[in-house]
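Below is one structure, written out as structure tokens; the observations come after it.
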Amino acid sequence: MNAGGHQLRLLGTKPLKQRARFVGVCVLVAALFAWQSDYNLATGTGNLSMVLFLAANTYFPVKRVRIRYQVRDVQGFFDKFLVYHIWLNTASFGVGCIHCYFNPWTNNWLRLVLVLMGLLTVGGFLMWMKYPPARVKKGLYILHTQQFLFFLMVFALLKGHYVF
């Protein structure tokens, strides 16, 4: 995505060996968190998915603060922050899929969460890739940035986990 003349590099600029080491350490820390955070893999992966999701979506309140207080000369920071938003949401979705697979119970609310999370994740990647035509990209942007879908997903997540 070209944001203000800045080209986002989703895979970073460091040497491949250094990036692979970083990703390996991140995966190891995430696996240890999932293993130690609860008594079984299903709830551990659910906890990990939640932590990744919350970390990924701190992007939006920070962006709102930036706009509200008209903070200047921080585009480079926000370009990197957007890359973290993309990767952490993707990881959260992947871990969420693992959580759903290993979980012994499910309901329609949780199925809706997985579908919405998948749509938002795939839509975000398609926006970054510059693949779709402009008309489709505009529709994806509107769909991806609608707070309604985000709040519907969070509502369905809470309803599915705590109210059967």
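No lab work stands behind these numbers, since they all come straight from the coordinates. Every value quoted in this text rests on a predicted model; they were computed, and no experiment measured them. Here Cβ is always computed from backbone atoms with ideal geometry, including for glycine, and neighbour counts include all displayed protein chains.
As a check on your grasp of the helix formula, calculate [θ] at 222 nm for the chain: sum -39500 (n - 2.57) over DSSP H runs of n ≥ 4, divide by the residue count, round to the nearest 500.
-26000 deg cm²/dmol
Helix 108-129 versus the longest principal axis of the chain: what angle, 0 to 90°, nearest 10, using Cα atoms?
20 degrees
Please go through the stretch 43-80 and write out the chymotrypsin sites (Phe, Trp or Tyr not before Pro) that DSSP classes as loop and that have at most 10 other C-beta atoms within 10 Å.
Y69
Compute the helix-to-body angle for 41-56: its Cα long axis versus the longest principal axis of the chain, expressed 0 to 90° and rounded to tens.
With both axes taken from Cα atoms, the answer is about 20 degrees.
Magnitude of the Cβ-charge dipole of the stretch 41-164, K/R +1 and D/E -1, about the Cα centre, nearest 20 debye?
I would put it at about 460 debye.
Straight-line reach from K138: which lysines fall under 29 Å, measuring Cα to Cα and dropping same-chain residues less than 8 apart?
Straight-line reach from K138, under 29 Å: K63, K80, K130.
Defining a contact as two alpha carbons under 8 Å apart and six or more residues distant in sequence, what relative contact order in percent does the stretch 13-104 show?
The normalised contact order for the stretch 13-104 reaches 37 percent.
Pick from T145, T121, T13 the residue whose mean-square fluctuation is largest in a GNM of the chain, springs joining Cα atoms under 10 Å.
Evaluated over the chain, the most mobile residue of the options is T13.
Tell me the trypsin sites (Lys or Arg not before Pro) within the stretch 47-123 that lie in a loop according to DSSP and have at most 11 other beta-carbon atoms within 10 Å.
Within the stretch 47-123, the qualifying trypsin sites (Lys or Arg not before Pro) (loop, at most 11 other Cβ atoms within 10 Å) are R72.
Can you tell me how the stretch 74-145 classifies by the Cα gyration tensor, rounded, prolate or oblate, using a/c under 1.5 as the rounded cut?
Oblate, since a/c reaches 1.5 and b/c is not below a/b.
What list do you get for I86, I142 if you sort them by fewest beta carbons within 10 Å?
I142, I86
For the chain, what is the convex hull volume of its Cα atoms per residue in Å³?
140 Å³
For the stretch 13-104, what mean projected area does the convex hull of the alpha carbons give, in nm²?
Mean projected area for the stretch 13-104: 7.1 nm², to one decimal.
Using only the Cα atoms of the stretch 106-164, build the gyration tensor, take square roots of its eigenvalues as a ≥ b ≥ c, and label the shape rounded, prolate or oblate: rounded if a/c is under 1.5, else prolate if a/b is larger than b/c, else oblate.
Because a/c hits 1.5 or more and a/b exceeds b/c, the stretch 106-164 counts as prolate.
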